Amino acid sequence: MQRLETQLAPFKTIALERYTGPENEALAKLASQIQLLQDLDAQKTVKIESLQKELDKTSAQAEPPTLTLISHDVVTNENGLTVTLRFEPSKNQPLGALQFIAQLPIGSNEKIISFSPTLGGGAYESSDKPSIITNEGKVARLTYSLMAVGYPTMELKLSGPSPVQVSGEYIPAPIVFEAK
């Protein structure tokens with residue numbers, strides 16, 4: 001009992017300093033004030049959580065879009081392989097100028113023959129030569145723009161089977177796959 005009285009002593013002191021009247025009434029008023037503060041704190045916590053969710057949503061909307069490779073279909077013909085790459089954008093908005101780089105591993109005997117956009121992803125516009133391929137045929141860069149929101153789609157023609165790495169400004173990390 002004495003231990004409980006000792007633990008209660010600071011609350012009695014605060015109650016008697018803040019409120020007039022008998023000790024029991026002062027403690028009841030202090031308890032009421034503490035309850036009110038707890039309720040206000042709970043309301044503010046809910047509001048903060050709501051604002052945090054809104055902030056997270058706004059931050060996600062402000063992030064630049066990304067592209068995810070959703071398919072890389074390979075067709076073999078007498079001249080080598082044709083790989084059709086199809087990307088899905090993370091946001092339903094125009095992407096502007098797109099730049100992709102396809103690269104074969106060092107030491108590969110195969111070459112990149114061509115790298116071009118297709119109408120499979122929607123209408124596009126590009127220069128007369130949208131792609132540049134190095135003399136060794138190991139690296140190709142493709143630049144073009146979709147005319148509306150769409151799924152960037154392109155064809156990569158190779159002389160034969162090879163691992164391929166594809167990167168670009170909207171691709172967060174290079175994508176590597178086996179073209180065979």
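If the requirement is being within 30 Å of Met154 (Cα to Cα), of a type in the set (Asp, Glu) and surrounded by fewer than 10 Cβ atoms within 10 Å (Cβ to Cβ), which of these qualifies: Glu88, Glu78, Glu17, Glu5?
On inspection, the qualifying residue turns out to be Glu78.
Select from the stretch 102-120 the residues that are outside any loop (DSSP other than H, G, I, E, B) and crowded, with 19+ Cβ neighbours inside 10 Å and list them in ascending order.
Listed by number, the residues that qualify are Ala102, Gln103, Ile112, Phe115, Pro117.
In this structure, does Glu17 turn out to be in the same structural domain as Tyr124 (by TED's automatic domain parsing) and of a type outside the set (Gly, Ala, Ser)?
no
Specify the residue that is surrounded by the fewest Cβ atoms within 10 Å (Cβ to Cβ); the eligible residues are those in the stretch 132-146 that are more than 28 Å from the chain's Cα centre (by Cα) and in a strand (DSSP E or B).
Ile132
So is Pro94 under 15 Å from Lys157 (Cβ atoms) and modelled with pLDDT under 95 or not?
Taking the combined requirement at face value, the residue does not satisfy it.
Are there any pairs with C-beta distances below 7 angstrom linking a residue in the stretch 123-147 that is farther than 17 Å from Gln93 by Cβ and not assigned by TED's automatic domain parsing to the domain that holds Pro94 to a residue that is among the acidic types (Asp, Glu) and surrounded by fewer than 16 Cβ atoms within 10 Å (Cβ to Cβ), with the two at least 6 apart or on different chains, and if so which?
From the stretch 123-147, no pairs qualify.
In the set Leu95, Leu156, which member is aliphatic (A, V, I, L, M), crowded, with 17+ Cβ neighbours inside 10 Å, touching a residue at least 24 places away in the same chain (Cβ under 8 Å) and assigned to a loop (DSSP other than H, G, I, E, B)?
Exactly one residue qualifies, and that residue is Leu95.
Which residue, of Glu169, Glu178, is within 25 Å of the chain's Cα centre (by Cα) and acidic (Asp, Glu)?
Glu169
The values are calculated or read from the model by the stated rules, or taken from the named source; none is laboratory data. What you are looking at is a predicted structure, and each value in this text was computed from that prediction instead of being measured. Note: ideal-geometry Cβ built from the backbone for every residue, glycine included; neighbour counts use all protein chains shown.
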